[in-house]
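> What follows is a single structure, and I will ask about it in a moment.
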Amino acid sequence: MGGDGADELFLGYDPFHAARMFQLYQKFVPRPIHDSILALASLVPVSFGHMSPGFILRKSLAGVSYPQKLWNPLWMGPLSPKQLAELFNESVDLEDIYEEAIYYWEKNAHLSLMDKAQIFFIKLYLQDSILTKIDRASMIHSLEVRSPFLDIRFVDLVRQIPWYFKYRFFKTKYILKQAFKQYLPDKIIKRKKHGFGVPVGQWFYERKLQWPSLEMTHLNRQVADLYKNEHLQQINDHRLFLWNHWVLSNYL
């Protein structure tokens, strides 16, 4: 049995927190002040812990520099548009790179920001990443995994519930927790979300993972080396780029 689908259906991921908070932030913080806050965020000490405060702050603020339709793909992606342009030595077409995310955003333009964020995670993250991962992990061990939260009748029911019953008082999965609080102890109901993050940032920093080779890629070597050195010196956290680069170097 797997719990896949609960975070997507009941707004359980950190980007739902970010979407709600930065929706309010954007209303009251002028762009020049935002740019200053973003610059100050770079001074927060780098930590390679799972979802460390500095990592979340820098990633969130960088994403908010762009239109709302790009927030989620930028928060979930390894690189900013500016970094992509530097690495590939060419201009970046945001409409092309984030085509799928933009498609679902514009298709559901009449919905709230939280509803559109939910659709992003259901249509792209759950479908293309999470379910693929659990399917492959279970197959390699000859297991069958069932996801009760993805029962089609349950999904249809939950999709009709307004987002503010799922995310309330800055608490995720609110209505789900209320439904189960009579069956589960408080230590489970009130427990903070804990994902399955792999400490690749720490592994690269401690050289437990071999640095990715540049021989098979068409990246700007100077920029890639800069990211590597910044990571080693804890100037910046490039875990997502380094991990994607490592996979590219080893498996393509």
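> With 136, 153, 207 as the choices, which residue is more than 30 Å from residue 90 (Cβ to Cβ), assigned by TED's automatic domain parsing to the domain that holds residue 244 and surrounded by fewer than 11 Cβ atoms within 10 Å (Cβ to Cβ)? It would help to see each step written out before you state the result.
Details: 136 fails: assigned by TED's automatic domain parsing to the domain that holds residue 244; 153 fails: assigned by TED's automatic domain parsing to the domain that holds residue 244.
From the options 136, 153, 207, the qualifying one is 207.
> On to the next question. Does residue 237 satisfy the condition of being among the charged types (D, E, K, R) and part of a helix (DSSP H, G or I)? Explain how you work it out, then say what you get.
Details: among the charged types (D, E, K, R): yes; part of a helix (DSSP H, G or I): no.
Criteria not met by residue 237.
> All but one of (1) modelled with pLDDT under 90; (2) more than 17 Å from the chain's Cα centre (by Cα) hold for residue 133; state the number of the condition that does not hold.
Looking at each condition in turn, residue 133 falls short on (2).
> Out of 143, 226, 248, which single residue is out of contact with any helix residue (DSSP H, G or I) (no Cβ under 8 Å at 6 or more places or on another chain), more than 30 Å from residue 112 (Cβ to Cβ), surrounded by fewer than 11 Cβ atoms within 10 Å (Cβ to Cβ) and at pLDDT below 95?
Details: 226 fails: surrounded by fewer than 11 Cβ atoms within 10 Å (Cβ to Cβ); 248 fails: surrounded by fewer than 11 Cβ atoms within 10 Å (Cβ to Cβ).
The conditions single out 143.
> Condition (residue is modelled with pLDDT of 95 or more, over 30 Å from residue 48 (Cβ atoms) and touching a strand residue (DSSP E or B) at 6+ places or on another chain (Cβ under 7 Å)) applied to the stretch 178-188: is it met by at least one residue?
no
The values are calculated or read from the model by the stated rules, or taken from the named source; none is laboratory data. Since this is a predicted model, take the numbers as computed values, not measurements. With ideal geometry, Cβ positions are generated from the backbone for all residues, glycine too; neighbour counts draw on all protein chains shown.
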